[in-house]
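Everything on this sheet refers to the single structure shown next.
Every number here is computed from the coordinates shown, using simple stated rules; none is lab data. Note that this is a predicted model, so its numbers are computed, not measured. Here Cβ is always computed from backbone atoms with ideal geometry, including for glycine, and neighbour counts include all displayed protein chains.
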Amino acid sequence: MIKLYDGGAYLLHGTEIIADTPDGKVHGGVTKEEARRQTIAYGILEEHNTSGNMEQLQIKFDKLTSHDITFVGIIQTARASGLEKFPIPYVLTNCHNSLCAVGGTINEDDHVFGLTCAKRYGGVYVPPHQAVIHQFAREMLAGGGKMILGSDSHTRYGALGTMAVGEGGPELVKQLLNKTYDIKMPEVVGVYLDGEPIKGVGPQDVALAIIGATFKNGYVNNKVMEFVGPGVEKLSADFRIGIDVMTTETTCLSSIWKTDEKIREFYEIHGREDEYCELNPGDTAYYDGMVYVDLSKIRPMIAMPFHPSNVYTIEEINANLKDVLHDVEQRAVVSLEGAVEYSLQNKIVDGKLYVDQGIIAGCAGGGFENICAAADILRGKYIGADEFTFSVYPASMPIYMELVKNGAAADLMAAGTVIKTAFCGPCFGAGDTPANNAFSIRHSTRNFPNREGSKLQSGQIASVALMDARSIAATAANQGFLTPATEMDTEFTNPVYYFDKNIYANRVFDSHGEADPSVEIKFGPNIKDWPSMSALPQNLILKVVSEIHDPVTTTDELIPSGETSSYRSNPLGLAEFALSRKDPAYVGRAKEVQKAQKAIEEGKCPLDVLEELKPVMEKIQETCPDAGKGNIGVGSAIFAVRPGDGSAREQAASCQKVLGGWANIANEYATKRYRSNLINWGMLPFITEEDHTALSFKNGDYIFIPDIRKAVEEKASVVKAYVITDEKRKMELKLGDLTDAEREIILKGCLINYYKG
């Protein structure tokens, strides 16, 4: 089904894979370095690189996009850094805080803020319920050979020939201030598609199979996935888009696909045929890795809780139900740390797996073809009147309208489906939260613990499994009993899609790049400025205030989604939720340490407000007698094995900073975007090579880092530090690669300070 090559590989004429060999044999008459330049990704990156050095890229993007969880913070940061006008097209969508159901006027205040900013600075504003961020980008922003930066991790438009990157908000701030996105040239991994999917298999099935094969071994981590091979042309544009959006869950940096007539037709349908560009790798392209996918061998898949990589075929689940559920329960012991009792055994009914809820939604599931296929499966059937419920969220209002016109919406509703408007809520716990102990199957992007909205601290737990829309509909047709779509005798109608551009023309505000400085920005009472942040001191005392030993820590665990999203525009208010579902005592511990730093900033003695610091300082001054005389800072740090998987949301880092955080210590960082968020908020992204089961420090310990400012200034890669307990134990912390700009940001204390000068 899927094969990963052990090393690099050449692709000749787009059809022949030749594995790289140690002898460095030349293929196609070109060297390996020349062949590297024949990937699609290399050409697009070269076109957008401003450094003149293809090893150290400084990228300027063509367009930007954000949603209403992130755009307020981004614009507030840019305003504090000197923003006068959006220099490139910037689209503000409203698909996350659309319901305005929690927090009074908070969400709608953010929307009004976004509209007035689009007018003042020359942007585009998409009102709530019109489109989810990525569907609008596909329909209205993508272009062949272009690059788009979005403040959402699922910013992926590679199937349309657009290299798109999801990053934390500060990276968009840099683009708004005419700065660049600075990275080393990423490796490019080929994804060679062969064969053709069988009837009943959808894009989520293919995506989950790829995620299962590549996530755990980091095969494509922070790399570009380039989709090639004869199987690509067998897939519709919508099918490719459905695979592409899920590449985020492999932890890759970006994606790009070869393009053809079907993609040209997509642009033509959307009235933008001039944006089409045929893209193909050169005759001899070299890839740093190769993923071979036989599409004909893919079967309906399911990603069981609590990660998209925990994949099985649905046939495997049904054949080994008790064993698989037991395995999930064992994984939950690690993921949930015993906070609640968790069992799935009661979901076995008459030897079958019964699910409580089905949802097709968002940037992954809400596409036209997915929903039409679900309607075909459910036509003439009924989901039943028991616990099972079924909701469908079309990804945009134009899709919704076409579903109404072609009768698919009526077929779904007749079957008992509830059709809702374009909204990302089910994907992050702000809509259709299941009942306690319920099991939900979803064609959406993620199934992390508690992401669906349950709260461990309140004794709540629900489970989400990811599936394709077709098998979700088949399960709905069997009234909640898990069923692969391949078992249904369905005649898929594959209706033609007609895009109605007037919906957007009549509702979306588009400044066409013209700023109007006379427009006054409207601020709701919850929209707050960022608090002031101190520069990095000469010496630093850190208290470890949270210690997390999960194999991977997601951004949802660092700052939960759901109702917390109502406070995204209030840095101090949002910070109260940091780690609330993972380590509820974290906020209190961090605030206690922060008192010492605030005392320093006010010219007072930190020992007067934090008694426990006195013996620590005494121990430090035994060997560093000058420490503390106007040259020291005090802050908090967290340890996690591999933090940062998942969302691009900068708040996973900024909330720590607002609470006095000055560092993360990790064995490695799950994604580049999380590490970048730490740096942009002036936090030190430390790496320790100590095994997480035998650390030289523990939660509650103080760590003294002498001359940290000097170490950053002098580009030291290894920093000496001391664990301060009854004794002083030496340890080493690594900073990893940092650009000159990143070092300066850390020295200044955050990106805002950096741009203020």
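Among SER647, GLN76, ALA118, which residue has its Cα furthest toward the positive end of the charge dipole of the chain, with +1 on Lys/Arg Cβ and -1 on Asp/Glu Cβ?
Farthest towards the positive end: GLN76.
If you keep only loop residues by DSSP, which trypsin sites (Lys or Arg not before Pro) in the stretch 585-614 have at most 16 other Cβ atoms within 10 Å of their Cβ?
LYS604
Given a cut-off of under 8 Å on Cα pairs at least six residues apart, what relative contact order in percent is computed for the chain?
That works out to 14 percent.
Could you give me the ³J(HN,Hα) list for the stretch 690-700, computed from phi with Karplus coefficients 6.51, -1.76, 1.60 and θ = phi - 60°, whole Hz, x at Gly and Pro?
Those phi angles translate into 5, 4, 5, 8, 9, 6, 7, 9, 9, 4, x Hz.
Using the Cα centre of the chain as origin and beta-carbon charges of +1 (Lys, Arg) and -1 (Asp, Glu), tell me which of VAL311, ILE148, ALA237 is placed farthest towards the positive end of the dipole.
The Cα lying farthest towards the positive end belongs to ILE148.
State to the nearest 20 debye the size of the charge dipole of the stretch 199-358 about its Cα centre, where the only charges are +1 on K and R beta carbons and -1 on D and E beta carbons. Numbers along the way, then the final one.
Values: 15 positive and 26 negative charges, 90 e Å.
With only Lys, Arg, Asp and Glu charged at Cβ, the dipole is about 440 debye.
How would you rank 38-50, 331-343, highest first, on the average number of other Cβ atoms within 10 Å across their residues? Could the numbers behind the result be given before it?
On the way: 38-50: 19.8, 331-343: 15.9.
The packing order, highest mean first, is 38-50, 331-343.
What size of dipole, in debye to the nearest 20, comes out for the chain about its Cα centre when the only charges are +1 on Lys and Arg C-beta atoms and -1 on Asp and Glu C-beta atoms?
The calculated dipole for the chain is roughly 1500 debye.
From the alpha carbon gyration tensor of the stretch 539-756, can you work out the equivalent ellipsoid semi-axes (sqrt of 5 times each eigenvalue) and give them in Å, largest to smallest?
They are 25, 19, 18 Å, listed from largest to smallest.
How tilted is helix 203-214 with respect to the longest principal axis of the chain? Cα atoms for both, answer in degrees (0 to 90, nearest 10).
Roughly 40 degrees, rounded to the nearest 10.
Farthest toward the dipole's positive end in the chain, which of SER511, ILE371, MET488, given Cβ charges of +1 (Lys, Arg) and -1 (Asp, Glu) about the Cα centre?
Result: SER511.
Which lysines have a Cα lying under 17 Å from the Cα of LYS455, excluding residues fewer than 8 positions away in the same chain?
Output for LYS455: LYS582.
Quick one: which residues, 5 or more positions from ILE69 or on another chain, have an amide H under 5 Å from its amide H? H modelled 1.01 Å from N in the peptide plane, none for Pro or chain starts.
HIS96, ASN97
Tally the DSSP beta bridges in the stretch 301-502 and give the antiparallel ones as a percent, rounded to 5.
Antiparallel bridges make up about 35 percent of those DSSP assigns within the stretch 301-502.
Going by alpha carbons, how many degrees (0 to 90, nearest 10) lie between the helix axis of 71-80 and the longest principal axis of the chain?
That works out to roughly 40 degrees.
What ³J(HN,Hα) values, in whole Hz, does the Karplus curve 6.51 cos²θ - 1.76 cosθ + 1.60 give for the stretch 18-23 when θ = phi - 60°, with x put for Gly and Pro?
10, 5, 5, 10, x, 6
For the stretch 539-756, calculate the relative contact order in percent as a whole number, restricting contacts to Cα pairs under 8 Å that are 6 or more residues apart.
Computed over the stretch 539-756, the figure is 25 percent.
Could you give P(r) for the stretch 388-496, binned at 5 Å from zero, as whole percent values over all Cα-Cα pairs?
Cα pair-distance distribution for the stretch 388-496, in percent: 2, 11, 20, 22, 21, 13, 7, 3, 1, 0.
If we count other beta carbons within 10 Å of each Cβ, what is the order of ARG299, ARG37, fewest first?
ARG37, ARG299
Over the stretch 63-179, calculate the relative contact order: mean separation of alpha carbon pairs under 8 Å at least 6 apart, over the residue count, as a percent.
32 percent
Return the whole-Å distance between the Cα centroid of the stretch 158-214 and the Cα centroid of the stretch 379-400.
29 Å
Could you list THR313, THR31 so that the one with the fewest beta carbons within 10 Å of its beta carbon is first and the one with the most is last?
Arranged by neighbour count, lowest to highest, THR313, THR31 become THR31, THR313.
For the stretch 450-590, give the magnitude of the charge dipole about the Cα centre (Cβ charges: +1 Lys/Arg, -1 Asp/Glu; no others), in debye to the nearest 20. Please report the intermediate quantities before stating the final value.
Values: 12 positive and 18 negative charges, 112 e Å.
In total the dipole reaches around 540 debye.
Report, by chain and number, residues whose modeled amide H sits under 5 Å from the one on VAL126, excluding near sequence neighbours (fewer than 5 apart, same chain).
For VAL126, the qualifying residues are LEU92, THR93, ASN94.
If you split all Cα-Cα distances of the chain into 20 Å bins from zero, what percentages do you get per bin, shortest first?
Spelled out per bin, shortest first, that is 17, 51, 29, 3, 0.
What's the exposure ranking of SER518, SER153, SER654, going from fewest to most Cβ atoms within 10 Å?
So the residues, fewest neighbours to most, are SER518, SER153, SER654.
5 Å is the cut-off here: which amide hydrogens, built 1.01 Å from N in the peptide plane, fall below it relative to ASP182, excluding neighbours closer than 5 in sequence?
For ASP182, whose amide H was placed from the backbone, the distant partners under 5 Å are ILE59.
Rounded to the nearest 500, what is the 222 nm mean residue ellipticity of the chain from helices alone, with -39500 (n - 2.57) per DSSP H run of 4+ residues and division by all residues?
Taking each H run of at least 4 residues, the total per residue is -8500 deg cm²/dmol.
Structure shown: which of LYS657/LYS734; LYS528/LYS720; LYS179/LYS223; LYS199/LYS381; LYS3/LYS60 lie over 28 Å apart, alpha-carbon to alpha-carbon? All intermediate terms of the calculation are to be shown ahead of the outcome.
On the way: LYS657/LYS734 20 Å; LYS528/LYS720 38 Å; LYS179/LYS223 23 Å; LYS199/LYS381 20 Å; LYS3/LYS60 35 Å.
Those over the limit are LYS528/LYS720; LYS3/LYS60.
Counting only DSSP beta bridges with both residues in the chain, what percent are antiparallel, rounded to the nearest 5? Numbers along the way, then the final one.
On the way: 44 of 106 bridges.
Antiparallel: roughly 40 percent of the beta bridges in the chain.
Over all distinct Cα pairs, what is the inverse of the mean 1/r for the stretch 280-337, reported as the Kirkwood hydrodynamic radius in Å?
Its Kirkwood hydrodynamic radius stands at 14.3 Å.
Residue-wise, which Karplus ³J(HN,Hα) couplings in Hz belong to the stretch 273-278, taking 6.51 cos²θ - 1.76 cosθ + 1.60, θ = phi - 60°, and x for glycine or proline?
Running phi through 6.51 cos²θ - 1.76 cosθ + 1.60 with θ = phi - 60° gives 4, 5, 7, 6, 9, 6 Hz.
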